[in-house]
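Here the structure comes first, spelled out in structure tokens, and everything after it is commentary.
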Amino acid sequence: MTLAGCSGGTEPQDPAERPEIVTKAGVTALVDTRTDSGMDAEVVGELVVGPGDCLALDDGLVVRPVIWPEGSTLADDGQAIEIGRDGPTVRIGEYVEGGGGEIDPGDATYTEIPESCLPEEGVAVALTSW
């Protein structure tokens, strides 16, 4: 996964705008409730079920949970996600490429990332465009 120095803000986020935690068939997706995050670094990887049974991207080096864009919908079987409103549907094992950035879970705007979803280095990614 290639990420070029973009990250979210540090101002506390309104609780109504924190990522929604959606679980279906034992798989969890983190869906952003904000319409514009301002991040545009490259985000790529294979869609996998990562730590904590959370949807994640595997770039071959590390598996990071993803905060999906507003309007994303997790399939009932937990094996696919429709990206954004009217975006493509990506299934487990398929490649994802888009824009976004790294999210440090200590960032006050993303305090709702379940700890069980985070890899050892504790970094997640947000996908903001595809």
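The values are calculated or read from the model by the stated rules, or taken from the named source; none is laboratory data. From a predicted model like this one, the values you see are computed outputs, not experimental measurements. Cβ: placed from backbone, ideal geometry, glycine included. Neighbour counts: every protein chain shown. Remember, those area values only see protein heavy atoms, side chains included, never the ligands or the DNA or RNA. Shrake-Rupley method; radii C 1.70, N 1.55, O 1.52, S 1.80 Å.
Here are a few things to note about the model shown:
- Annotation note: Cβ proximity below 6 Å between a residue of segment 49-61 that is assigned to a strand (DSSP E or B) and a residue that is acidic (D, E) (sequence gap 6+ or interchain) occurs for D58/E46.
- Counting only residues that are of a type in the set (G, A, S), open to solvent by less than 10 Å² (accessible area, probe 1.4 Å) and closer than 19 Å to E112 by Cβ, segment 67-101 holds 2 of them.
- Filtered residues of segment 18-47 (kept if at pLDDT 95 or above, of a type in the set (A, V, I, L, M, F, W, C) and surrounded by fewer than 17 Cβ atoms within 10 Å (Cβ to Cβ)): A25
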